[in-house]
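Every number here is computed from the coordinates shown, using simple stated rules; none is lab data. Since this is a predicted model, take the numbers as computed values, not measurements. In this analysis, Cβ positions are derived from the backbone assuming ideal geometry, glycine residues included, and neighbour counts consider all displayed protein chains.
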Amino acid sequence: MIDLRSDTVTRPTAAMKDAMMRAPVGDDVFDDDPTVHALQDFAAQRLGKEAGLFLASGTMSNLAGLMAHCGRGDEYLVSQNAHTFRYEAGGAAVLGSIQPQPLEPNGDGTIELGRIEAAIKPEDVHFARTRLLTLENTTGGRVLPQAYVEAATDLARHHGLGTHLDGARIFNASVAQGIDVREITRNFDTVSCCLSKGLGAPVGSVLVGPAELIERAHKWRKMLGGGWRQAGLLAAAGLHALEHHVERLSDDHANAERLAEALNRRDVFEATQHTNILWLKLNGRSAAELIEHFRAYGIQVTGRGDTLRLVTHLDVTSEDVDKVIEVADAF
Ligand SMILES: *Cc1c(COP(=O)(O)O)cnc(C)c1O
């Protein structure tokens, strides 16, 4: 099988399993798992922040982050296509008592600065207190322009707001731009990063930021049921991923780009590719038909409506891309 549904489908490599086997562990709820501490410290340093927290998922990491920034009746500004608004089951509102203020994004994933500014509410008994701006990078695979990241976070700070980055694929953004990841993260108070996507760990995310906010998030993590015991087994995989699987993300980007170029040579396909994610529209044929065609040749993709999503990752080789191109050509 060639699985292009998501970069979450990767299996731990032999070297990663080895690192997991060798990891010293403790009880992380007693705060004495050395491998969890090693991961949290390394992630914080790698992402240019004071402290880090290891959590079960990106959803939990974003939620604990939002809850560290915002209290009951506070509000966060967010793109209405963002994961933290649309794909996290309303957790900020339901569990955090935080009101989302969703904003319409532009086609490139940015939100007009004027639109952000207009949504910041003044002190008034009628309004929720606007506390936080959250951005997402990459978003739908797109890298947010660095000048935009700086302008949007400057604007937020100017209005006294906190800033949170859903950086589920932050290393894809850094590698694609050829810049140190800290250039991106330094604009934000807190950053959430998935270890279980392109980086290839089986489970987990890290939240990084100032020690005070991370300590608060730690308490929320416990309340959310996210206290875990010999979590060092999983932290070892995350540490291995951060140490060995960052630079190679450029292979995924090159594979996705080559696939998009090949598909676009045929009139029936209209591929748009950013970093490791390729969106595919069909001219005059149905997406469901293509999904079936791929399935018959052992290739898995997903679709939403008339658009398919193909994602490259650690377990998709250059030869796999050759095969996908060959099968697509036979459609
Ligand atoms: C996957 C993803 C998340 C959530 O991660 P999970 O580990 O699946 O909960 C958050 N934000 C973005 C942009 C994502 O792609």
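Between Arg72 and His159, the contour length at 0.36 nm per residue exceeds the alpha carbon distance by 29.3 nm. When every Cα-Cα distance of the range 70-204 is counted in 5 angstrom steps from zero, the calculated P(r) takes the values 2, 10, 20, 24, 20, 14, 6, 2, 1, 0 percent. When the convex hull of its Cα atoms is viewed from all sides, the range 1-155 shows a mean projected area of 12.4 nm². Once divided by 2.2 N^0.38 Å, the Cα radius of gyration of the range 245-295 becomes 1.27. Normalised by the number of residues in the chain, the average gap of Cα pairs under 8 Å and 6 or more apart makes the relative contact order 25 percent.
Over the range 96-151, consider all pairs of different Cα atoms and compute the Kirkwood hydrodynamic radius from their mean reciprocal separation; express it in Å, one decimal. Walk me through the intermediate numbers first.
Working: mean 1/r = 0.0780 Å⁻¹.
12.8 Å is the Kirkwood radius here.
Holding the Cα-Cα limit at 26 Å, pick out from Lys121/Lys222; Lys17/Lys49; Lys49/Lys219; Lys49/Lys197 the pairs that are longer than that. Distance filter (> 26 Å) returns Lys121/Lys222; Lys17/Lys49.
Of all the C-alpha pairs in the range 9-90, what % are more than 21 Å from each other?
Values: 1616 of 3321 pairs.
That fraction is 49 percent.
The mean sequence separation of alpha-carbon pairs under 8 Å and at least six residues apart, normalised by the residue count of the range 204-290, gives a relative contact order of 16 percent.
Look at where the Cα atoms of the range 11-67 and of the range 197-256 average out, and the two centres are 5 Å apart. Antiparallel versus total DSSP beta bridges in the chain: what percent is that, nearest 5? Percent antiparallel among DSSP bridges in the chain is about 55. Seen from a random direction on average, the alpha-carbon convex hull of the range 154-200 projects onto 3.4 square nanometres.
Beyond 34 Å, what share of the Cα-Cα pairs of the chain remains, rounded to the nearest whole percent?
Working: 14255 of 54615 pairs.
Here the long-distance tail beyond 34 Å is 26 percent of all Cα pairs in the chain.
Of the chymotrypsin sites (Phe, Trp or Tyr not before Pro) found in the range 15-81, not one falls in a DSSP loop while having at most 16 other beta-carbon atoms within 10 Å.
As a rough footprinting exposure proxy, the listed residues His164, His159 were ranked by other beta carbons within 10 Å of their own, and the order from fewest upward is His159, His164.
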